[in-house]
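Following: one structure in structure tokens, then a few remarks.
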Amino acid sequence: MGYTRRAVLAGLGLAGLETAMLPLVKKAAASSLTGSFAAGVGTCPFRLAVINDEITQDFEKACQIVSGDFGLRWIELRSMWNKNVTELNAKEIENARKILEEHKLQVTDIASPLFKTDWPGAPRSSQSQTRDQFHADFDASAQDKLLERCISLCKSFNTDRIRCFDYWRLDDQKPYRAAINAKLQKAAERCAKDNIVLLLENEMSCNTATGEEAASVVLAIPNKNLMLNWDPGNAAAIGSTAYPTGYHLLSLQGCGEQTGPQIRLGSRRWWHCRLGWAI
């Protein structure tokens, strides 16, 4: 039996969410699942959030649901009004800011399509024409400009994190891996100038998909402004064992303020496991 990305995300996410939230939910007195969940959110130690366009392209409606129905205080921005967040004009950005303020929501990160393109000079990836770009399509030559745009959006939406990828997946990435890492390193150095963190998401259609690949990349790039946005659903979707194999490679024993090599998982702390649950 095959698995879709959404099914994997939902299954892993609900399992992880149950583990993380059960002690909080038990404290809630409300009878409904939504009520219990919302009641426990106030004491959750994580920036628990939803990607806005997983709900609807109507940004105001999405914010109403995230804030009112889910009781959350954080939201991740990817696309709205049928436009990628990186292509919003000044008026649309201002409207989005007003909606966020009205619903008392803060932005976890700009969920950008940065580096979600073909690596120049490599054989064309089989993934390059088959993946949803979420209303954006930037080729390799546009990536530096796109990064600057994302940094500007961070300032507009008062966040310090940009989600990125590491190019469409190659059949053999070894000849290009060092150069890809150098590109990520350069981008992280640029982000550091504005105190912004670059979050590399493991994505099954990109070159970093599994826990093994993710651990290798973050250890190869010793820059605190590059962290990992770990999505176990994406790792599982490519056939990798996200748990326990992938998780143990990215376990909290290698994170935090410990000395020596660290796996840097992005959140307001030094560690975070993105559950990747879907609505």
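Read the figures in this text as sums done on the coordinates, not as results from a lab. Just so it is clear, the structure is predicted and the values come from calculations on it, not from any experiment. Virtual Cβ from ideal backbone geometry, glycine too; neighbours counted across all protein chains shown.
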Simple SL model, points at 7 angstrom along Cα→Cβ for Glu87 and Lys61; separation in nm is 2.1
What pairs from Lys61/Lys83; Lys61/Lys98; Lys186/Lys224; Lys91/Lys193; Lys83/Lys183; Lys91/Lys155 go past 18 Å between their alpha carbons?
Lys91/Lys193; Lys83/Lys183
Volume per residue (Å³) of the convex hull spanned by the alpha carbons of segment 113-218 is 100
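May I ask for the net charge around Leu105, where only other residues with Cβ less than 14 Å from the Cβ of Leu105 are counted and Lys, Arg are +1 while Asp, Glu are -1?
0
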For Glu189 and Gln106 in the same chain, what is the full-extension length gain: residue separation times 0.36 nm, less their Cα-Cα distance, in nm?
27.4 nm
Segment 42-151: equivalent-ellipsoid semi-axes (sqrt of 5 x gyration tensor eigenvalues, Cα, Å):
29, 15, 13
Put a dot 7 Å past each Cα toward the Cβ at Thr241 and Asp137; how far apart are the dots in nm?
4.0
I'd like the trypsin sites (Lys or Arg not before Pro) in segment 97-200 restricted to DSSP loop residues with at most 12 other Cβ atoms within 10 Å, sorted by number.
Lys104, Arg124, Lys193
Roughly how far apart, in whole Å, are the Cα centres of segment 59-91 and segment 147-173?
18
Taking the simple approach of a point 7 Å from Cα along Cα-to-Cβ for both Ala220 and Glu54, what is their distance in nm?
2.9
